[in-house]
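K.L.:
Quick one: structure below, then a few questions.
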Amino acid sequence: EFRIRLLYLHPSHLEEGLLERILELPKVVPYLDIPIQHAHPNLLKAMKRPYSPEKILNLMEHVRKLNPMVSFRTSLIVGFPGEGDKEFAYLLEFLKLAKFEYLGVFPFYPEEGTPAEKLPGQIPMKERLRRKREVLRLQKEITKARLKERVGVEEELLVLGEDFKGRRFGIARLQAPEIDGLTYLLKGSHLPGSLVKVKITRSGVYDLWAVPWDFKG
C-alpha cells in the first residue's frame, strides 16, 4: 500500500481540470501544498509570481466544492521589500478568506547577488519577525476552526509510532509528515506503517484525536 501527496505545486501551473483529474486518482490523498508567497498583487509582481490572488481563491473554492475534505497548505514570505502596512493587512485579509488548513511563514532574507537585495523599501528585521508572529497568530485560529470541522468524519490514518505515554500516533490525509500536526489513535494497537480507517473524535489547535472506525464504546 502507498499514497501520493502533492507538495510544492506552483500556482501558475495549476488549472481546475488538472486538479480534478489528479484528485480522482485513488492513491492521491486530498492534500494540496501550494506555496503562494504572498497575496497582494504588487508584492506578487515584485516577486515575479505570475498569478493573482483571485486565481488562488477561485481555485480553492472550486476544489473544495468538488471535495470538501481537501486540505490546503501554503508558504508565505513577509517583510519583502515594498511590503507596507497596507500590503501586509491585505495579506491577513486574504488568509481569512482562503482558510488554509496549514501554512508556513518566513521572514524575508535577502540573498547576496539577487535583485531583491537591492530593491527599495527594505523592512527592518524586527518588523519582519513581528509580521511573522502576527500571521502565525491568525493562522492558529484558522487551523483550529478548520480542524474542528473534521470531528465526526471518517479519515485514513497512517500510523507512525508510539509516544512516551504509549499512545499510537500518525498522520491523517490532511497532515503532511513533520510540517503539520499529528493524529493520536485513542484505541487499538496498530503497528507503525498500518493504514487505519478512523473516526475523528476531537480536535485541538494543530492535532486530531481518533478511534478506529469500527470501535464500539
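K.L.:
Taking mean projected area of the Cα convex hull in nm² straight from the coordinates, which label in (1) 14.5; (2) 12.4; (3) 13.5 is the correct one?
P.N.:
For mean projected area of the Cα convex hull in nm², the calculated option is (3).
K.L.:
According to a simple spin-label model (label point 7 Å from Cα along Cα-to-Cβ), what is the distance in nm between Leu129 and Glu20?
P.N.:
4.8 nm
K.L.:
In addition: What's the ranking of 197-207, 124-134, 98-108 by average number of surrounding C-beta atoms within 10 Å, highest first?
P.N.:
Ranking the peptides 197-207, 124-134, 98-108 by packing returns 98-108, 197-207, 124-134.
K.L.:
Which links in Lys27/Lys65; Lys65/Lys140; Lys55/Lys199; Lys165/Lys197; Lys96/Lys187 stretch past 32 Å when you go from one Cα to the other?
P.N.:
Lys55/Lys199; Lys96/Lys187
K.L.:
Once both axes come from the Cα atoms, what is the angle between helix 53-66 and the longest principal axis of the chain, in degrees from 0 to 90, rounded to 10?
P.N.:
Once rounded, one gets 20 degrees.
K.L.:
Cα to Cα, under 16 Å, and not fewer than 8 places away if on the same chain: which aspartates and glutamates meet these conditions relative to Lys99?
P.N.:
Asp33, Glu54, Glu61, Glu134, Glu141, Glu149, Asp180
K.L.:
Mind listing P(r) for region 154-212? All alpha-carbon pairs, 10 Å bins, whole percents.
P.N.:
Taking every Cα pair in region 154-212, the percentages come to 27, 64, 10.
K.L.:
Using helices alone, what [θ] at 222 nm do you get for the chain, with -39,500 (n - 2.57) per DSSP H run of 4 or more residues, divided over all residues and rounded to the nearest 500?
P.N.:
Value at 222 nm, helices only, nearest 500: -10000 deg cm²/dmol.
K.L.:
Using Cα atoms only, what is the angle between the long axis of helix 125-148 and the major principal axis of the chain, expressed in degrees (0 to 90) to the nearest 10?
P.N.:
For helix 125-148, the angle is close to 30 degrees.
K.L.:
Also, I was wondering about something else. Which FRET efficiency value, to the nearest 0.05, do you get for Leu57 and Ser194 by plugging their Cβ-Cβ distance into 1/(1 + (r/R0)^6) with R0 = 41 Å?
P.N.:
0.65
K.L.:
Can you tell which of Val211, Pro177, Leu191 lies farthest toward the positive end of the dipole of region 92-217, using +1 and -1 charges on the Cβ of basic and acidic side chains (Lys, Arg; Asp, Glu)?
P.N.:
Result: Val211.
K.L.:
Please give the contour-minus-distance gain from Val151 to Asp85: 0.36 nm per residue of separation, less the Cα-Cα distance, rounded to one decimal in nm.
P.N.:
20.1 nm
Each value in this text was obtained by applying a stated rule to the coordinates, not by laboratory testing. These numbers were taken from a predicted model, which means no experiment stands behind them. Positions of Cβ are generated from backbone atoms using ideal geometry, with glycine treated the same way; all protein chains shown enter the neighbour counts.
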